[in-house]
Amino acid sequence: MLLLKFLQTMISALNSEGTPGQIAAGMALGLCFGLTPLVSLHNVLVLAVAMLTTVSFPGVMLGWAIAVPVGFMLDPLFDRVGMVLLTTDALTPLFVWIVNTPVVSLSRLNNTIVLGSLVSWLVLLVPSYVLFRFLVARYRRDLYARLERSRAFQVVKASKIWNVYQLFRP
Amino acid sequence: MKWIRWTALLPLAVTLVLIALAVYFYLDPAVRRGVEVTGTEAVGARVDLASAHVALGDGSVTLRGLAVTDPARPMTNLFEVEEIVFRAAVVPALERKVVIDTMAVRGVRFGTVRKTSGALPARAGVAGEGPGALRRAVDDWRSRVKVPPISLNTLTQSVNVDAISAESLATLRAARGAHAYADTARAKLIADLQALDPRGTIDSATALATRLEKASLRSLGLGGVRTAVADVRRTVTALNELDDRLRDFQAATRANAAGLTERLEAIPAARQADYAYARSLLRLPTFDIPSIGPQLFSPIFTEKVGELMYWARLLEQYVPPGLERQFRAGPSRVRASGTDVLFPKARVYPDFLTRLAELTLAIGGEGAAAGAYSARVEGLTTQPAVYGAPTRFELTRSGGRAGPTDVRVSGSMDHRRAPVQDALQASFSGITLPTVVLNGVGARLDFGTGVSELRVARRGDSLDGRWLWRATRVRWTRDTLTQARATSPAMRLVEDALWRAVSRIDSVEVEARFDGPISGPRLGIRTNIASAVGNALRDQMGDEVRRAEQQVRARVDALVDARVAEARTKADAVKADVEARIAAERARLEEQKVALEARLKELVRIPGIGSPVTSSPAPSSRR
């Protein structure tokens, strides 16, 4: 069932009327939900950006789905990155401000996993956007016509969830 | 292309409201879980909370059914609290900080029984950190300081001195060390003597003396004689310098020999330690009164002092001094927890602070602690350097029909800067003291009601404390359950004598003193029971113990004497050998110097050569 939903999301995103740039931007934003701990203040901001801008929302979902397992796998790396940043003396004034400022402190940026994963996502944001845009364009040009004729594709496209995702189409 | 999707404003608002509602409804379980997880992590045993309720309107938090497991006894709660109500400040809460202005606590009970074990499952953690590591360190200390109880059984059997192993004796190690040192010292001294190279200088002096032995003005000519005089003067100077170096070397050699002497002198002390060690292997009863106290009460006091050590060290871990970065385990979640890095800063809110808690505690039942109490805690915080004042607390008994007549507990905790300083004074009058089985004595001591006084002071890594129990109407019962009666009639006589000696004592005082490093303080126990026990043992068993001790000493001597004698002989031989070598070199040197100086006197008498040259100055004037 999860796999089916994932396929629907992917097909919906890749075949929506959004431009490859909009889908890639959505996917790059969606990575944040998977790479960083979900219940974090910064994810509310990313959600707001994803909803208020004309990026592909199915793209956001697809990016999230792709990034979840990657996030779990890379936790040890995020932990190290976060620890390095949090123990860098030059950044101490910044973190002192963060942990002692109302609301900002709720971001939990003094946690190694939160900080490490957020910084990693920010670093990957532009490269992942470029990569996704290239891949979506290649998909539409080379793969889509062949897939559209397949029976599996027709089954997925016919399900109700497809219609729900159409609502979020850019 | 338009970038903003204005139509999404409403769905976004709805989403945010939904998130806020989820947070609101999840807040109570989140607080409950937070208290349980943080408490468990801090205490090192399970902390359970039945429910938590946060009233956002007035900022009050109510915790119900808090049960904190005693880490040392997982089926017992350290304490249980029916209800805690406190009001938390809102602005610090927006900084993820808990600042409590007032707190009310109701229904506190200590030492209640748990339905399920509160022990934590063993988990792989960072070695040397956390409550588990502290618990292991304390257990290790307990096993090291616990003194075995008095044992009479060994005297019923023949003394088995074969159990004393030669390899475990310090005397042998000291003797071997002295032997090896002598070898090393000899090799080094000979090498140093060779490096000094006295032979070269002496041999060239000998050659010069031989060459000039039959030389005259005729054979050498005036120029040759002048050259010969210059050569002789130069050689005598070289011999004098060599003599100085040999003298210095001889002094250094004697200093090295002092190291050897030190090692030899350490052997008798090692032998005394071996006598004590060998005696302890046989567990012979001692009549030495200061050592009887620990034998009687060390099990109970190592437990209690160990708990003090555990909590004092845990306190330091969770309330570290100073404004340095602090590292704590991150929140428990599906993803990895990571580490929370705290950045304390002066003059802001600390992470956790209870400014003032005035507690009224009612401990029900007829137990040792039953009664009504009032307590006051001031400035309880996890970041004292941020708060800027020490934590102070006091507890007094305010009433009750059962339980102690008077309770006074007060203390302070100053972790603002290193070294940390903690102090605790506790005094309980009319408290029911425990019943103690005195192993070895075959008696059970029921203290009844009495006085318990505790004073502990910690400064940095140093702990100093005193724990006193005093009871004036103790009850004694013969203990045949934990200690079976002796089988031989002689030992039964000893047991009876011990029983008569202790059972006459009405008033008992036990004082445990502990001081030294907090990781392993020394523990001394003094009690008035010790003199009664010591005297009874001496009367009944003095001769047997002395005989056994003689056998032990003879066995130790037999094992070590040969090696000690060998080490001494070796050391003496090395000293003599090196001294002889130096003396021989100096004698040869002196002989050549005298010959050359005599020849020089003859040469300078020749007209046109120069004034007579005085002999080389004395060593002290040469310097």
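The values are calculated or read from the model by the stated rules, or taken from the named source; none is laboratory data. Remember, predicted model here, so these are calculated numbers, not experimental data. Every residue, glycine among them, receives a Cβ derived from its backbone with ideal geometry; neighbour counts consider all protein chains shown. Note: areas computed on protein heavy atoms with side chains; ligands, DNA, RNA excluded. Shrake-Rupley method; radii C 1.70, N 1.55, O 1.52, S 1.80 Å.
Name the residue, out of B:Arg173, B:Arg226, B:Arg234, that is surrounded by 13 or more Cβ atoms within 10 Å (Cβ to Cβ), modelled with pLDDT of 85 or more and not polar (S, T, N, Q).
Every option except B:Arg173 fails the conditions.
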Please find, among B:Arg263, B:Arg333, B:Arg328, the residue that is in contact with a Gly (Cβ under 7 Å, 6 or more places away or on another chain) and among the basic types (Lys, Arg). B:Arg263
Qualifying residues in region B:531-553 (those that are under 34 Å from the mean Cα position of the chain (by Cα) and among the small types (Gly, Ala, Ser)) - the one farthest from B:Pro290 (Cα to Cα): B:Ala548
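For region B:262-306, which positions are acidic (Asp, Glu) and crowded, with 17+ Cβ neighbours inside 10 Å?
Selection gives B:Asp274 alone.
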Regarding B:Val17, is this residue assigned to a helix (DSSP H, G or I), of a type in the set (A, V, I, L, M), surrounded by fewer than 18 Cβ atoms within 10 Å (Cβ to Cβ) and within 46 Å of the chain's Cα centre (by Cα)? no
Restricting attention to region B:510-528, does a residue exist that is assigned to a helix (DSSP H, G or I) and of a type in the set (Phe, Trp, Tyr)? no
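B:Phe393 - would you say it is more than 14 Å from chain A (Cβ to nearest Cβ), out of contact with any helix residue (DSSP H, G or I) (no Cβ under 8 Å at 6 or more places or on another chain), open to solvent by less than 20 Å² (accessible area, probe 1.4 Å) and not in a loop (DSSP other than H, G, I, E, B)? Please lay out each step first, then the result.
Working: more than 14 Å from chain A (Cβ to nearest Cβ): yes; out of contact with any helix residue (DSSP H, G or I) (no Cβ under 8 Å at 6 or more places or on another chain): yes; open to solvent by less than 20 Å² (accessible area, probe 1.4 Å): no; not in a loop (DSSP other than H, G, I, E, B): yes.
Considered against the rule, which asks whether it is more than 14 Å from chain A (Cβ to nearest Cβ), out of contact with any helix residue (DSSP H, G or I) (no Cβ under 8 Å at 6 or more places or on another chain), open to solvent by less than 20 Å² (accessible area, probe 1.4 Å) and not in a loop (DSSP other than H, G, I, E, B), B:Phe393 comes out as no.
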Kindly indicate the residue of region B:178-194 that is open to solvent by 80 Å² or more (accessible area, probe 1.4 Å) and free of Cβ contacts under 8 Å to residues at least 40 places away in the same chain and also farthest from B:Ile606 (Cα to Cα) among those meeting that condition. B:Thr184
If I filter region A:71-83 for residues that are at the interface with chain B (Cβ under 10 Å from one of its Cβ atoms), in contact with a Ser or Thr (Cβ under 7 Å, 6 or more places away or on another chain), of a type in the set (Gly, Ala, Ser) and over 23 Å from B:Ile19 (Cβ atoms), do I get at least one hit? yes
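I'd like the full set of residues that are more than 8 Å from every other protein chain (Cβ to nearest Cβ) and free of Cβ contacts under 8 Å to residues at least 24 places away in the same chain, limited to region A:39-49. Working first, answer last.
Narrowing region A:39-49 to residues more than 8 Å from every other protein chain (Cβ to nearest Cβ): A:40-43, A:45-46, A:49.
Within region A:39-49, A:Asn43, A:Leu45, A:Val46, A:Val49 meet the criteria.
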With (1) more than 30 Å from B:Ala8 (Cβ to Cβ); (2) free of Cβ contacts under 8 Å to residues at least 24 places away in the same chain; (3) within 10 Å of another protein chain (Cβ to nearest Cβ) as the list, and A:Leu52 as the residue in question, which single condition is left unmet? (1)
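Would you mind stating whether B:Ala215 is open to solvent by less than 40 Å² (accessible area, probe 1.4 Å) and modelled with pLDDT under 80?
Numbers: open to solvent by less than 40 Å² (accessible area, probe 1.4 Å): yes; modelled with pLDDT under 80: yes.
Spelling it out, B:Ala215 is indeed open to solvent by less than 40 Å² (accessible area, probe 1.4 Å) and modelled with pLDDT under 80.
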Within region A:98-122, residues more than 9 Å from every other protein chain (Cβ to nearest Cβ) and either closer than 20 Å to B:Ala346 by Cα or in contact (Cβ under 8 Å) with a residue 12 or more places away in the chain (or both) come out as A:Ser107, A:Leu109, A:Leu118, A:Val119, A:Ser120, A:Trp121
Within region B:390-412, is there a residue that is within 14 Å of B:Leu315 (Cβ to Cβ) and out of contact with any strand residue (DSSP E or B) (no Cβ under 7 Å at 6 or more places or on another chain)? no
Considering only region B:20-40, I want to know if a residue exists there that is of a type outside the set (A, V, I, L, M, F, W, C), loosely packed, with under 15 Cβ neighbours inside 10 Å and away from chain A (no Cβ under 14 Å). yes
Quick check on this structure: which one of B:Glu549, B:Glu579, B:Glu495, B:Glu544 is surrounded by 13 or more Cβ atoms within 10 Å (Cβ to Cβ), acidic (Asp, Glu) and either closer than 30 Å to B:Thr449 by Cα or modelled with pLDDT of 85 or more (or both)? B:Glu495
Residues (exposed (fewer than 14 other Cβ atoms within 10 Å of the Cβ) and under 28 Å from B:Glu262 (Cα atoms)) located in region B:582-592: B:Ala583, B:Ala584
